[in-house]
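Right, one structure below, let's go through it.
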Amino acid sequence: MTADAPTIRQAGTGDAEAISAVILRALRETNAADYTPEIISAVAAGFSPEAITRHMAGRRVLVAVYADNVVGTASLDGAVVRSVFVSPDFQRRGIGVALMTAIEALARAMASPRLLVPSSVTAEGFYARLGFVALRDEWHGAERTIVMEKPLA
């Protein structure tokens with residue numbers, strides 16, 4: 001990455017509020033094109049700063065930081081990629097790819113044979129470009145999630 005590019009680092013509990021803000025904004029501005037307001041509200045309820053702090057206890061959470069501001073996040077829960085979000089102002093600048101590259105490196109270091117991601121409809125094309133293949137659809141009420149896989153071996 002260039003000097004102007006965000007850096008990727010391990011998140012700390014002090015990042016929870018900023019991570020929550022990035023996720024909520026991405027949900028409301030980007031994912032809202034593919035999901036109803038009711039689904040967005042239900043998903044958003046799980047990304048309060050307190051919920052983010054709880055996730056940090058059991059997952060490897062990364063952040064992308066630009067000019068001292070968190071602009072993206074991704075986490076790894078075993079071999080499952082979770083909560084990959086980039087602030088709408090920073091989307092399509094390679095930040096999601098940088099986060100996923102770091103997540104993949106963590107998974108390889110843990111000798112995971114594959115990565116799984118429960119993708120939103122919004123992010124399916126992004127993951128496909130990174131080599132993930134759709135395995136199946138899962139439904140959580142009216143919310144469609146596409147479970148995707150990428151072999152690492």
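The values are calculated or read from the model by the stated rules, or taken from the named source; none is laboratory data. Remember, it's a predicted structure, so these values are computed and weren't measured experimentally. Counting neighbours? That spans all protein chains shown, and the Cβs are built from the backbone with ideal geometry, glycine included. With ligands, DNA and RNA removed, areas are computed over all heavy atoms of the protein, side chains included. Shrake-Rupley method; radii C 1.70, N 1.55, O 1.52, S 1.80 Å.
Just a few scattered comments:
- In Å², nearest 10: area of Glu38 left accessible to a 1.4 Å probe: 130 Å²
- Charge tally in the Cβ shell below 15 Å around Ala18, where Lys, Arg are +1 and Asp, Glu are -1, Ala18 excluded: -3
- The stretch 94-153 - Debye-derived log10 I(q)/I(0), Cα point model, q = 0.12 Å⁻¹: -0.29
- Rounded to the nearest Hz, the phi-derived 3J(HN,Hα) couplings of the stretch 4-21 under the Karplus curve 6.51 cos²θ - 1.76 cosθ + 1.60 (θ = phi - 60°) are 7, 7, x, 9, 9, 8, 5, 7, x, 4, x, 8, 4, 5, 5, 4, 4, 4, where x marks glycine and proline.
- Average accessible surface for the chain: 52 Å² per residue, computed with a 1.4 Å probe over protein heavy atoms with every protein chain in place.
- Calculated Rg and Dmax of the Cα atoms in Å (choose from (i) 14.6, 44; (ii) 15.4, 47; (iii) 18.2, 57), label: (i)
- Surrounding net charge for Asp34, when Lys and Arg each add one and Asp and Glu each subtract one, Cβ distance under 14 Å: -3
- Cα-based shape type of the stretch 1-41, given that a ≥ b ≥ c are square roots of the gyration tensor eigenvalues and the cut on a/c is 1.5: oblate
- Solvent-accessible surface ranking, highest first, for Met56, Met100 at 1.4 angstrom: Met56, Met100
- Sequence-distant residues sharing a close amide H with Leu115 (under 5 Å, placed H): Lys150, Leu152
- Secondary-structure-derived ellipticity at 222 nm for the chain, considering helices only, amounts to -10500 deg cm²/dmol, per-run term -39500 (n - 2.57) for DSSP H runs with n ≥ 4.
- Rounded percent of accessible protein surface that carbon and sulfur make up, the stretch 1-145, 1.4 Å probe: 53 percent
- Other residues with beta-carbon under 15 Å from the beta-carbon of Ser112 carry, at +1 per Lys or Arg and -1 per Asp or Glu, a net charge of +3.
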